[in-house]
1. Could you work out the relative contact order of the chain, using alpha carbon pairs under 8 angstrom and six or more residues apart, expressed as a whole percent?
2. Here are labelled values, (1) 1.01; (2) 1.08; (3) 0.93, and one is the computed Rg/Rh (Cα atoms, Kirkwood Rh) for what I pasted. Which one?
3. Determine the dipole magnitude for the chain: charges of +1 sit on the beta-carbon of Lys and Arg, -1 on that of Asp and Glu, nothing else is charged, the reference point is the Cα centre, and the result goes in debye to the nearest 20.
Amino acid sequence: MALAEEFQQIADELPEDWTNLEFDLRLTDEADYVEAATLLTQCNAQPYSKHDWHWRVLVANHFGHGAAPQAVHATLGLLDANAIGGEIAVRQVRCGRAEVTQMWGRPEAVRREFRARRAQ
């Protein structure tokens, strides 16, 4: 299965309120490491050193620390287009977390706008 397709299947199976996804990526052929590393910079993949897996990828659904799901899907699609095979292992999924934003001192218009955007 292609990496982008596998990622999309994983994302589609997540609950609606998921906030963070963490997965590891291992290449089938380590000779493709340098080329894959340059492509994976687009989703801020974090390389492991002296580990069985090659990269850790953090994905944030609507907010938080991680790449957008669309960016991760596109990057994995680039790996597929360059015939770089691999394997994905989901390590952690977080659901139902609420964003905390400092609103002290901000005008009421900003607070209303923030609530309206988050209610969608």
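FYI, it's all coordinate maths here, none of it is from the lab. The model shown is predicted, which means the values in this text are computed figures rather than measured ones. Every residue, glycine as well, gets a Cβ built from its backbone with ideal geometry; the counts of neighbours run over all protein chains shown.
1. Averaging sequence separation for qualifying contacts and normalising by length gives 37 percent for the chain.
2. The calculated read-out lines up with (2).
3. Dipole size: approximately 980 debye.
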